[in-house]
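**Student:** Sharing a structure below in structure tokens format, with a few things to ask.
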Amino acid sequence: MKTKAVRVHCAGGPEVLSFETVELLQPGSDQVLIRHTAIGVNMIDTYHRSATQGQYKLPLPATLGVEAAAVVEAVGSGVETVSVGDRVGYFNFPGAYAEKRLIDAWRLIPIPDDIDDKQAAVSFLKGATAYYLLHRVWKMTPGATILVHAAAGGVGQILSRWASRKGVTVIGTAGTDAKAEVAKGAGCSHVINYSKDDFVEKVHGLTEGRGVDVVFDSVGRDTFHKSLDCLKPLGLIVNFGQASGAVESFDISILAGKGSVFLAKPTLATFTKNHNDLVELAEGVFNAIREGIITADIALTESLENAASVHEKLESRKITGASILIP
């Protein structure tokens, strides 16, 4: 059996993405053959494409993409959790940039009837990330104040909306006035345009010098050290991405000097080790969709073979909202 997929054979820019035909076997024991209906595109896909070492490097050649909605086409022996024709989804598992794929049954989550495929495909990864950040890494506390970098981005908007609805004051950062407006619409009480203002100075002004309880930082190298200066004593900085590059090694005594602050470097993989973990996060995402906390703000829809152009737009930070590929 043959299928089309977007593959990488060497690390590099968007130009290394190759749309090609690959062979698929029939599903083996505890495996499922699925046909993708909608594929989410995320910053981590660009990390996987360009990584030459470290946690983001995939064994090559590799098919990119870590979340999708699909329909079950065939099941292997021992599979009892899904049946042919079921609508399912998955996240945090590479191989989504394909028309069809094989996947272990335990990774699949049934998509409820009230959630459509496109909505699920662009919500799983970002929503699950926001869920574990706000419910597991740091549990939302009404009255707290947080700083969310890239607040107009996919995860940033969800973090801002979710936290603000739970009584948390959210200060966001964005790089343009247009993105600042998006962040305000997502629930930020204040938005700092870091291309115009020093966000450390602004944060201390907004908090009357106290600083924030938590910084959620998906930007990385460009914001990390200045973010430490935004924290209250005993505050927490959560670095969960590196849009500007990885944070360079530093002397951990810096954390003591900034007020005995805490650093977390969580990954979604830690919170998705088994089917029960996946179900917990997915249910959190589905409920947040129903409550309007997560919205299907799809800014860009492209065919699967145009994945390279989507990566170019994503890395240039020209997209506000979600991107989706349709096989």
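The values are calculated or read from the model by the stated rules, or taken from the named source; none is laboratory data. These numbers were taken from a predicted model, which means no experiment stands behind them. Glycine also receives a Cβ, built like all others from the backbone with ideal geometry; neighbour counts cover every protein chain displayed.
**Student:** Go over the candidates SER260, SER309 one by one and state the one that is over 27 Å from ALA152 (Cβ atoms), polar (S, T, N, Q) and touching a Pro at 6+ places or on another chain (Cβ under 8 Å).
**Tutor:** So the residue among SER260, SER309 that is over 27 Å from ALA152 (Cβ atoms), polar (S, T, N, Q) and touching a Pro at 6+ places or on another chain (Cβ under 8 Å) is SER260.
**Student:** Turning to a different aspect of this structure: Picking from ILE192, ILE252, which residue would you name as being at pLDDT 95 or above and not small (Gly, Ala, Ser)?
**Tutor:** Going through ILE192, ILE252 in turn, just one is at pLDDT 95 or above and not small (Gly, Ala, Ser): ILE192.
**Student:** Has the stretch 101-119 got at least one residue that is outside any loop (DSSP other than H, G, I, E, B), touching a His at 6+ places or on another chain (Cβ under 8 Å) and either among the acidic types (Asp, Glu) or surrounded by 21 or more Cβ atoms within 10 Å (Cβ to Cβ) (or both)?
**Tutor:** Yes, some residue in the stretch 101-119 is outside any loop (DSSP other than H, G, I, E, B), touching a His at 6+ places or on another chain (Cβ under 8 Å) and either among the acidic types (Asp, Glu) or surrounded by 21 or more Cβ atoms within 10 Å (Cβ to Cβ) (or both).
**Student:** Residue check: is ALA62 over 23 Å from GLY292 (Cβ atoms) and in contact (Cβ under 8 Å) with a residue 40 or more places away in the chain?
**Tutor:** Judged against the criteria, ALA62 is a match.
**Student:** Within the stretch 34-82, work out how many residues are buried (at least 19 other Cβ atoms within 10 Å of the Cβ) and in a loop (DSSP other than H, G, I, E, B).
**Tutor:** 5
**Student:** Between residues in the stretch 226-248 that are among the hydroxyl-bearing types (Ser, Thr, Tyr) and residues that are surrounded by 22 or more Cβ atoms within 10 Å (Cβ to Cβ) and assigned to a loop (DSSP other than H, G, I, E, B), which pairs lie under 9 Å by C-beta distance while being six or more apart or on different chains?
**Tutor:** SER227/HIS149; SER227/VAL219; SER244/VAL219; SER244/THR223
**Student:** With the checklist (1) in contact (Cβ under 8 Å) with a residue 60 or more places away in the chain; (2) in contact with a Phe, Trp or Tyr (Cβ under 7 Å, 6 or more places away or on another chain); (3) within 23 Å of THR272 (Cα to Cα) in hand, flag the one item VAL148 doesn't pass.
**Tutor:** Every listed condition holds for VAL148 apart from (3).
**Student:** If you go through the stretch 14-27 one residue at a time, how many are touching a residue at least 60 places away in the same chain (Cβ under 8 Å) and either part of a loop (DSSP other than H, G, I, E, B) or among the acidic types (Asp, Glu) (or both)?
**Tutor:** 5
**Student:** Sticking with this one: Regarding the stretch 193-209, can at least one residue be identified that is assigned to a strand (DSSP E or B) and either outside the structural domain of ILE146 (by TED's automatic domain parsing) or surrounded by 22 or more Cβ atoms within 10 Å (Cβ to Cβ) (or both)?
**Tutor:** no
Yes/no per residue for (1) within 18 Å of SER227 (Cα to Cα); (2) part of a strand (DSSP E or B); (3) not assigned by TED's automatic domain parsing to the domain that holds HIS225:
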{"residue": "TYR132", "(1), (2), (3)": "no, no, no"}
{"residue": "HIS135", "(1), (2), (3)": "no, no, no"}
{"residue": "LYS139", "(1), (2), (3)": "no, no, no"}
{"residue": "LEU147", "(1), (2), (3)": "yes, yes, no"}
{"residue": "ALA152", "(1), (2), (3)": "yes, no, no"}
{"residue": "GLN157", "(1), (2), (3)": "no, no, no"}
{"residue": "ARG161", "(1), (2), (3)": "no, no, no"}
{"residue": "ALA178", "(1), (2), (3)": "no, no, no"}
{"residue": "GLU181", "(1), (2), (3)": "no, no, no"}
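**Student:** State whether one or more residues within the stretch 242-259 are closer than 23 Å to GLU208 by Cβ, surrounded by 14 or more Cβ atoms within 10 Å (Cβ to Cβ) and under 27 Å from the mean Cα position of the chain (by Cα).
**Tutor:** no
**Student:** Which of the numbered conditions does MET140 fail, given that it passes all the others? Conditions: (1) crowded, with 20+ Cβ neighbours inside 10 Å; (2) touching a helix residue (DSSP H, G or I) at 6+ places or on another chain (Cβ under 7 Å).
**Tutor:** (1)
**Student:** Looking at the stretch 119-156 only, could you name the residues that are in contact with a Cys (Cβ under 9 Å, 6 or more places away or on another chain) and not small (Gly, Ala, Ser)?
**Tutor:** LEU147, VAL148, listed by residue number.
**Student:** Of everything in the stretch 46-99 that's at pLDDT 95 or above and among the acidic types (Asp, Glu), which residue is nearest to the chain's Cα centre (by Cα)?
**Tutor:** GLU67
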